[in-house]
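The values are calculated or read from the model by the stated rules, or taken from the named source; none is laboratory data. Owing to the predicted nature of the structure, the values given are computational and were not obtained by experimental measurement. So basically every Cβ, Gly included, is an ideal-geometry build from the backbone, and we count neighbours across all protein chains shown.
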Amino acid sequence: MKVAFHTLGCKVNQYETEAIREEFEKNGFETVKEDEYADVYVVNTCTVTNQADRKSRQYIRRMKKVNPSSVMIATGCYVQMDSEELLKLDEIDLLIGNNLKSLIYEKTMELLSGRYMDNPYILPYEKLSTYEDMGMVTSIEARTRAYIKIQEGCNRFCSYCIIPYARGQVRSRNIEEIELEAKLLIDKGFKEIVLTGINTALYGVEFGETIELAVKTVCELPGDFRVRLSSLEPTVVDIKGVNNLLKYDKLCHHLHLSLQSGSNDVLKKMNRKYTREEYLAIVKILREFDPCYNITTDIIVGFPGETDEDFEDSLDMVRKACFGKVHGFKFSSRHGTKASLMKNTIDGRIKNVRIDNLLNLSEQVASEFRENNLGRITGVLFEEYEEGLLAGYTENYIKVYVKGEEKLLASINKVKLVDKYKDGCFGEIAEKG
């Protein structure tokens, strides 16, 4: 039998889809592309924005059309938050919420055998309190970079964000399981291990530990590989925490540190629990350690009540932090959040102007950051090959293009950055891995 998947949203969703895929394949299913004929389709949904909800519905309809007699399973955050809406879709055979994804294969087989199914399978928020064991993910389709989910849930409750309600309470994965999965992936030849979670920085808080435990455990494993942290929150990681992380040689010099706004007034309304000054203090520590330490971020424009001065504060932060990349978003009101009840909403035309200005400045600053890296020799993990060009990322997350042979794919090589090129830099191989 054949199964196809589509994943929307975050790296955690991608990791969980891989775990589901492995379970199907372990039991004899063949995985095919999402636009191909399959007996089972699984859509792992996202609900971070209204657009994510809409895309989830579109993919459910689109995939079911390929084989109308197939079993369509929808899971993920949109399912968790709005199952009543999704139950209206005739294309869906079963809804399975978060923290029950390990049941998807079992419930699919019950459906295929003609058994009657209760629908939906969704735990209430208060029961999203234990870490769901989905087994070890060891056959990731990409052969260079592997993600390990180490944490679930969030207790920050930013005023604009629905995800704490969709994912539940903070819970962390057993450190022995993290170590074992990392060993398996390293033995399979993966050269980069990315530690990820819903709010990765909260790893271990419920049992008195910090994210450093997970970093230390993986970094101290033997082998030729590097470790990267996915998105961190300055609401959790302070100067002391960052300093503690800098001692691990295998940890990449790159942090995605979500800012969201450069205005202290807006940050307070967002319930972000830090100031622009505290954020810049973290940036200072990182850049003193390595002037080319790459800091990427997220910024929302058009939050309710955001003035021209507030927006200028965000632009000022882009300049001062010299971000390597800014992911800019226009504020999208999510029903059920405190921000959805706020007044002084920003006109859509103003949001459009602000996002254009933000992204234009961000690209200028990112270009300056890449230029500051020229002349450096650094490790590049080659992940793509096309028409004689290898492409991959430095340990500080700059995309690099190099003339070379396809056999160098999935290896880390010393490369000298010689010029800016496309969305990154052009390099020359200085030493082969």
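Run down Ser332, Ser340 and say which single residue is assigned by TED's automatic domain parsing to the domain that holds Met270, surrounded by fewer than 18 Cβ atoms within 10 Å (Cβ to Cβ), modelled with pLDDT under 95 and among the polar types (S, T, N, Q). Explain how you work it out, then say what you get.
Values: Ser340 fails: modelled with pLDDT under 95.
Answer to the selection: Ser332.
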Kindly provide the set of residues from segment 14-35 that are touching a helix residue (DSSP H, G or I) at 6+ places or on another chain (Cβ under 7 Å) and not polar (S, T, N, Q), ordered by number. Glu16, Ile20, Glu23, Phe24, Glu34, Asp35
Which residues, taken from segment 394-422, are surrounded by 14 or more Cβ atoms within 10 Å (Cβ to Cβ), without any contact (Cβ under 8 Å) to a residue 40 or more places away in the chain and out of contact with any Leu (no Cβ under 7 Å at 6 or more places or on another chain)? Thr394, Lys399, Asn413, Lys414, Val415, Tyr421
Looking only at segment 239-254, filter to residues that are part of a loop (DSSP other than H, G, I, E, B) and exposed (fewer than 15 other Cβ atoms within 10 Å of the Cβ); which one of those is modelled with the highest pLDDT? Asp249
I'm trying to understand the selection: among the residues of segment 38-81, which are farther than 20 Å from Tyr105 by Cβ, part of a loop (DSSP other than H, G, I, E, B) and either without any contact (Cβ under 8 Å) to a residue 12 or more places away in the chain or touching a helix residue (DSSP H, G or I) at 6+ places or on another chain (Cβ under 7 Å) (or both)? Cys46, Thr47, Val48, Pro68
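Matching residues to (1) closer than 30 Å to Val353 by Cα; (2) in a helix (DSSP H, G or I); (3) more than 21 Å from the chain's Cα centre (by Cα):
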position: Val215; (1), (2), (3): no, yes, no
position: Leu221; (1), (2), (3): no, no, yes
position: Val236; (1), (2), (3): no, no, no
position: Gly262; (1), (2), (3): yes, no, yes
position: Ala281; (1), (2), (3): yes, yes, yes
position: Ile285; (1), (2), (3): no, yes, yes
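In segment 173-208, how many residues are of a type in the set (S, T, N, Q), touching a helix residue (DSSP H, G or I) at 6+ places or on another chain (Cβ under 8 Å) and surrounded by fewer than 23 Cβ atoms within 10 Å (Cβ to Cβ)?
Counting residues in segment 173-208 that are of a type in the set (S, T, N, Q), touching a helix residue (DSSP H, G or I) at 6+ places or on another chain (Cβ under 8 Å) and surrounded by fewer than 23 Cβ atoms within 10 Å (Cβ to Cβ) gives 1.
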Flagged in segment 255-272 as surrounded by fewer than 22 Cβ atoms within 10 Å (Cβ to Cβ), over 15 Å from Ser314 (Cβ atoms) and either touching a Leu at 6+ places or on another chain (Cβ under 8 Å) or outside the structural domain of Ala339 (by TED's automatic domain parsing) (or both), in numbering order, are His256
Members of segment 85-109 that are of a type in the set (Asp, Glu) and under 22 Å from Lys65 (Cα atoms): Glu85, Asp90, Glu91, Asp93
Given the condition at pLDDT 95 or above and part of a strand (DSSP E or B), answer yes or no: does some residue in segment 175-189 qualify? no
Within segment 46-75, count every residue that is in contact with a Phe, Trp or Tyr (Cβ under 6 Å, 6 or more places away or on another chain) and either within 15 Å of Arg21 (Cα to Cα) or not β-branched (Val, Ile, Thr) (or both). 6
From Val353, Val365, Val380, residue being farther than 30 Å from Gln80 by Cβ, out of contact with any Lys or Arg (no Cβ under 9 Å at 6 or more places or on another chain) and either crowded, with 20+ Cβ neighbours inside 10 Å or not assigned by TED's automatic domain parsing to the domain that holds Ser231 (or both): Val353
Please tell me if Asn372 is over 26 Å from the mean Cα position of the chain (by Cα), on the phi > 0 side of the Ramachandran plot and touching a residue at least 40 places away in the same chain (Cβ under 8 Å). no
Sort out which residues of segment 84-110 are part of a loop (DSSP other than H, G, I, E, B), surrounded by fewer than 18 Cβ atoms within 10 Å (Cβ to Cβ) and of a type in the set (A, V, I, L, M), and write them in order of number. Leu87, Leu89
Hey, Ile355 within 29 Å of Ile163 (Cα to Cα) and either of a type outside the set (Lys, Arg) or touching a Pro at 6+ places or on another chain (Cβ under 6 Å) (or both) or not: yes
I'd like the residue in segment 259-308 that is among the small types (Gly, Ala, Ser) and modelled with pLDDT of 95 or more and, out of all such residues, is farthest from Thr345 (Cα to Cα). Gly262
Note on Glu383: of the conditions (1) in contact (Cβ under 8 Å) with a residue 60 or more places away in the chain; (2) charged (D, E, K, R); (3) in a loop (DSSP other than H, G, I, E, B), unmet is (3)
